[in-house]
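The values are calculated or read from the model by the stated rules, or taken from the named source; none is laboratory data. The structure presented is a predicted model; accordingly, all values stated were derived computationally and were not measured. For neighbour counting, all protein chains shown are included, and Cβ atoms are generated from backbone atoms with ideal geometry for every residue, glycine included. Keep in mind that these areas ignore ligands, DNA and RNA; they rest on the heavy atoms of the full protein, side chains included. Shrake-Rupley method; radii C 1.70, N 1.55, O 1.52, S 1.80 Å.
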Amino acid sequence: MTRDRHIVIESVKPQIGCGHYAVKRVVGQRCEVEATIFRDGPDVLRAVVRWHLKGQRGASEAPLTYANRGLDLWHGSFPLEANGRVLFTVEAWTDVFATWRSELERKVHGGRTDLASEITEGLAIADAALGRAQLPADKALLGRVTERMEALKADPAAALAVVARPEVEEAMIRLQERHGAVILEPELEIIVDRPRAVFGSWYEIFPRSQGTVPGRGATLREAERRLPAIAAMGFDVLYLTPIHPIGHAHRKGRNNSLVAGPNDPGSPWAIGNEHGGHDAIDPGLGTLADFDHFVAAARAKGLEIAIDFAVQCSPDHPWVKQHPEWFYLRPDGTIKYAENPPKKYEDIYPLNFDSPAREALFAEIRRIMEHWIQHGVTIFRVDNPHTKPIAFWRWIIDDIQAQHPEVLFLAEAFTRPPVMQMLAKIGFTQSYTYFTWRNTKAELTEYLTELTRPEMADFYRPNFFANTPDILHEFLQHGGPPAFLIRLILAGTLGPTYGIYSGFELCENVAVRPGSEEYLDSEKYEIRVRDWDAPGNIKATVRRLNAIRRENPALQELTNLRFYPSESEHILCYGKATTDRTNVILVAVNLDPTRWHDGMVQVPLADLGIAPGGRYQVEDLLTGARYDWGERNYVRLAPELPAHILRVSVR
């Protein structure tokens, strides 16, 4: 701030990292803005928030008003109407006319009558505003005001009444010079995403395992036959594991064995062979035309397609011969394969993002993303982004969304919290989380409180996957179907976005060995054929949960989560409500898959908009049962149906 300016603007919200990173919001929301604004002396201040789409000239503005005058705290909001990047700032200035009027008012109320000079001063301010007026109505209004002020110089009380009218104040705010205006710089950025960025139910599949013939991989056309069943379960996003040609060299066999059999299909994450690389379809799945047909068929069922974007190569990838400079070369000229000691991945070559030829590599990766966008992909689930430069992701996400603001990015980064958070800050739309490893009441309460409170919630959107092809948590291994129900309901009601990897609904829970989170007979390394109607499946509950989520707007938000006390350490109680409380959901979950638990739960009536001592009706959306509740309520939950999802109906 320059020395000759009187006004201070600070503590503007929302912003992340002093404005270095963009805040995330969704189309249709209002951006709530707060700022501390003050100046020396008693002069009256005005302030506005100004905003515009990035790259667009001109700006709209909305007023800021005092939220707390004693703390100089101002508040306002503006609508987020378009998918894209929005820039906003705060402008504040001294309202010379209001300052003059305030001084006149104090003098009049103090009994002064010799105020002709003061009225002349105000007349000059009003005359200047009249000179800037363009609308006939403004000219007429201020013309009358100046005439009356001139005529009432000897009657300051009457002159004050003229200038104190609301329509005069409104016109003067618009038309007078913004004296000593200060504008916050640089502008702050908001990523305004479409609603799917916040709310959605994901289902993950290996397309080759959607067939019916043991040992033979399904084509994309055959995999289409599963789309009606997936859509019937209520999912919004169908996430495909890599669909590209798979390398032959060092191909992994069943259960990640180092030697593959002649019929082992290999890991889809070992990308590339003689049939192409990241922009090609594995011949076993079909052609690019088949992929287009699959995408169209999925859309017809209400399913959006997400694909796995794994920036790595098999030794057979065309890039290895065409661009060896894009890889890590040892002194003897060989290319380094991936390692995570003691694990070795000889079937995968990582790319060298520090290569002298990195600009060409970056351009090629950008081209590949554009290729899939042109073929209907709107979501990229990015594999291990934390092993590539943060600056690269910031560049490519910014560049993609500048042309395709509808495209979303999910960061699969199970790593240290600061790294996961930084990936979200620089632009990843959603992030995997530690949800899988949070199973106790204390763990879930602490973790979800962190995720749903500012400033974390301003940039980090969790996607609660209950399982993945790499993660079969011991809770699922040993808890049987009740454990799957518990984790399903927690994932789908704690957060607005969640996902399951196919087989979850069949309660597949056998690990490759004790102490491991890897599946036995993992379909990462073999083709699976399943009976999707096998006894013991929980498809009906999956379908009902997804319907509940769609029918209840309270479950489509993140930051409205509130935890409530329960007597039992095994019962987690929480609630979500829309801002207007027209939709209120209460959830109680038994976290123990082995036995029933009971106890009292306490729901503050104020959170429901109910007067002290009031009663209300709740309907269990899982069973249809109805209960009469108050502030303290008894619950008893058995493993067979370990939760209540209750919709509140106030009498």
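May I ask you to evaluate 6.51 cos²θ - 1.76 cosθ + 1.60, the Karplus curve with θ = phi - 60°, for each residue of segment 273-290 and list the ³J(HN,Hα) values in order in whole Hz, giving x for glycine and proline?
So the J values, rounded to whole Hz, are 7, 5, 8, x, x, 6, 9, 10, 9, 4, x, x, 8, x, 10, 5, 5, 5.
Roughly how many Å is it from the Cα centre of segment 372-386 to that of segment 44-115, as a whole number?
Computed from Cα coordinates, the inter-centre distance equals 43 Å.
How fast does segment 60-114 diffuse by Stokes-Einstein, in µm²/s, taking the Kirkwood radius from C-alpha pairs at 25 °C and 0.890 mPa s?
After rounding, the answer is 166 µm²/s.
Residues of segment 270-424: accessible area per residue at 1.4 Å, in Å²? It would help to have the intermediate numbers written out before the result.
Values: 6530 Å² over 155 residues.
Here the residues of segment 270-424 average 42 Å² of exposed surface.
Each residue of segment 161-177 in order: what ³J(HN,Hα) in whole Hz does its phi give by Karplus 6.51 cos²θ - 1.76 cosθ + 1.60, θ = phi - 60°, with x for Gly and Pro?
The phi angles translate into 4, 5, 7, 8, 5, x, 5, 6, 4, 5, 5, 5, 4, 6, 9, 7, 5 Hz.
Take every Cα pair under 8 Å in segment 25-159 that's 6+ residues apart, average their separations, divide by the length, and report that relative contact order as a whole percent.
23 percent
Using a 1.4 angstrom probe, figure out how much accessible area segment 509-576 has per residue, in square angstrom, rounded to the nearest whole.
Heavy-atom accessible area per residue stands at 45 Å².
Output ³J(HN,Hα) for segment 493-503: one whole-Hz value per residue in order, computed from phi by the Karplus curve 6.51 cos²θ - 1.76 cosθ + 1.60 with θ = phi - 60°, and x for Gly and Pro.
These are the phi-based 3J(HN,Hα) values: 10, 6, x, x, 10, 8, x, 9, 8, 3, x Hz.
What is the set of long-range amide H partners of H248 at a cut-off below 5 Å, with H atoms built 1.01 Å from backbone N?
D316
Summing -39500 (n - 2.57) over the DSSP H runs of n ≥ 4 in the chain and dividing by its residue number, what mean residue ellipticity at 222 nm do you reach, to the nearest 500 deg cm²/dmol?
Estimated from H runs of four or more residues: -8500 deg cm²/dmol.
Output the pairs from K24/K524; K343/K388; K301/K524; K252/K321 with a Cα-Cα distance over 31 Å in this structure; if there are none, say none.
Cα-Cα > 31 Å for K24/K524; rest within.
Could you list which residues have their amide H under 5 Å from that of F464, counting only those 5 or more apart in sequence or on another chain, with H placed in the peptide plane?
For F464, whose amide H was placed from the backbone, the distant partners under 5 Å are T497, Y498, G499.
Mind checking Rg over Rh on the chain, alpha carbons, Kirkwood formula for Rh? Before the final figure, lay out each step's value.
Details: Rg = 30.9 Å, Rh = 28.5 Å.
A ratio of 1.08.
Between segment 152-222 and segment 291-337, how far is it from one alpha carbon centroid to the other, in angstrom?
Using only Cα atoms to place each centre, the spacing works out to 36 Å.
How fast does segment 32-186 diffuse by Stokes-Einstein, in µm²/s, taking the Kirkwood radius from C-alpha pairs at 4 °C and 1.567 mPa s?
Calculated translational D: 75 µm²/s.
Counting only Cα atoms, I'd like the Rg/Rh figure for segment 123-220, Kirkwood definition for Rh. All intermediate terms of the calculation are to be shown ahead of the outcome.
Values: Rg = 32.1 Å, Rh = 19.5 Å.
Across segment 123-220, the Cα-based Rg/Rh ratio is 1.64.
Sum up the charges of everything whose Cβ sits under 13 Å from the Cβ of L175, counting Lys and Arg as +1 and Asp and Glu as -1, but leave L175 out.
-2
State, as an integer percentage, the relative contact order of segment 287-399 based on alpha-carbon contacts under 8 Å between residues 6 or more apart.
Normalised by residue count, the contact order of segment 287-399 is 32 percent.
First select every other residue whose beta carbon is under 12 angstrom from the beta carbon of A98; then total the charges, Lys and Arg +1, Asp and Glu -1.
-4
Counting only C-alpha contacts under 8 Å and six or more residues apart, can you give the relative contact order of segment 435-489 as a whole percent?
RCO, segment 435-489: 35 percent.
What is the set of long-range amide H partners of K54 at a cut-off below 5 Å, with H atoms built 1.01 Å from backbone N?
Distant-sequence amide H within range of K54: R85, V86, L87.
With every protein chain present, what is the per residue accessible area of segment 44-198 (1.4 Å probe, Å²)? Don't jump to the answer; show the numbers that get you there.
On the way: 7700 Å² over 155 residues.
Accessible area per residue: 50 Å².
Quote the Stokes-Einstein diffusion coefficient, in whole µm² s⁻¹, for segment 327-403, based on the Kirkwood radius over alpha carbon pairs, a temperature of 10 °C and a viscosity of 1.306 mPa s.
111 µm²/s
Considering only protein heavy atoms and a probe of 1.4 Å, how much of the accessible area of the chain is carbon and sulfur, as a whole percent? Before the final figure, lay out the partial values.
Numbers: 14500 of 27790 Å².
Accessible surface attributable to carbon and sulfur in the chain totals 52 percent.
Kindly sort D40, D290 by accessible area of their heavy atoms, largest first, with the probe set to 1.4 Å.
Accessible-area ranking of D40, D290, largest first: D40, D290.
By the scheme Lys and Arg +1, Asp and Glu -1, what is the net charge of all other residues having a beta-carbon under 15 Å from that of D620?
Here the charged neighbours net out to 0.
Points 7 angstrom from Cα along the Cβ direction at K321 and E370: gap in nanometres?
Those two pseudo-labels are separated by 2.6 nm.
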